[in-house]
1. Answer with one residue from V101, H68, G154: the one whose Cα lies farthest towards the positive end of the charge dipole of the range 30-159, charges on Cβ with Lys, Arg +1 and Asp, Glu -1.
2. Rank P78, A142, V30 by how far each Cα sits towards the positive end of the charge dipole of the chain (+1 on Lys, Arg Cβ; -1 on Asp, Glu Cβ) and give me just the farthest.
3. Counting trypsin sites (Lys or Arg not before Pro) as exposed when in a DSSP loop with at most 16 other beta carbons within 10 Å, what is the longest stretch of the chain free of them?
4. Does the chain come out rounded, prolate or oblate by the C-alpha gyration tensor, with a ≥ b ≥ c the root eigenvalues, rounded set by a/c under 1.5 and, if not, prolate when a/b is larger than b/c and oblate if not?
5. Work out from phi, with θ = phi - 60° and the Karplus expression 6.51 cos²θ - 1.76 cosθ + 1.60, the ³J(HN,Hα) of each residue of the range 91-104, listed in order in whole Hz, and give x for Gly and Pro.
6. Whole angstrom only: what separates the Cα centroid of the range 109-127 from the Cα centroid of the range 31-53?
7. Would you mind telling me the share, in percent, of accessible area of the range 18-159 contributed by carbon and sulfur at probe 1.4 angstrom?
8. Could you tell me how many degrees, from 0 to 90 and to the nearest 10, lie between the Cα long axis of helix 52-61 and the main elongation axis, the longest principal axis, of the Cα atoms of the chain?
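The values are calculated or read from the model by the stated rules, or taken from the named source; none is laboratory data. Keep in mind the model is a prediction, meaning the values are calculated, not measured. Cβ placement follows ideal geometry from the backbone for every residue including glycine, while neighbour counts extend to all protein chains displayed. Just so you know, the surface numbers come from the protein's heavy atoms only, side chains and all, with ligands and any DNA or RNA stripped out. Shrake-Rupley method; radii C 1.70, N 1.55, O 1.52, S 1.80 Å.
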Amino acid sequence: MAAPITKIKKEVLTDEQIAEQKLEQLKSLVADNESVINELMTIMAELNDVGALEAVTKMLQAKEKIAHIALGQVTREPVTNMINVLMGAAGALTSMDAGMVAKLMTSLNSGMDEAKVALQTEDKMSIFKLMKAMNDPDVNRAMNFGVHFLKGLGKGLKD
């Protein structure tokens, strides 16, 4: 009967053997992905030809200076004010009724078309024409909307 195994000896690779294994893995990886590597090299060559690689290299070398300049620009009061306004506007837009906003935009475009036609005529708007226009259901609807819009705006401004 054979002697029992009491110790397991771990095979320790030399630095040369480790390097050889890594080289074989790399060769296998390159062989398996030849088309990808060719495409990558083509892209890199084109980037180099137009000077983009050099620009990126210079940017990486100056990354701390660039970050300092960018942060200096972003923290300026006009920029932070713009960011705050955009965030406020985005918050307001998310609380609006999308259907009503779409209808309002369509109506606005229709109104712009009517106004463009009116600008091409040389007709003067007299007080009597204005009073007659108020009887037009479309004008009356828009005026009613405008008055109530202004009322709601005023209430909002009071708070």
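1. The residue sitting farthest along the positive end of the dipole is G154.
2. Towards the positive end, the residue furthest out is A142.
3. 11-75
4. Numbers: a/c = 3.33, a/b = 2.88, b/c = 1.16.
Prolate.
5. Per residue, the Karplus-derived 3J(HN,Hα) values read x, 5, 5, 6, 8, 7, 6, 4, x, 5, 5, 5, 5, 5 Hz.
6. 60 Å
7. Carbon-and-sulfur percentage of accessible area, whole number: 65.
8. Between helix and principal axis, roughly 80 degrees.
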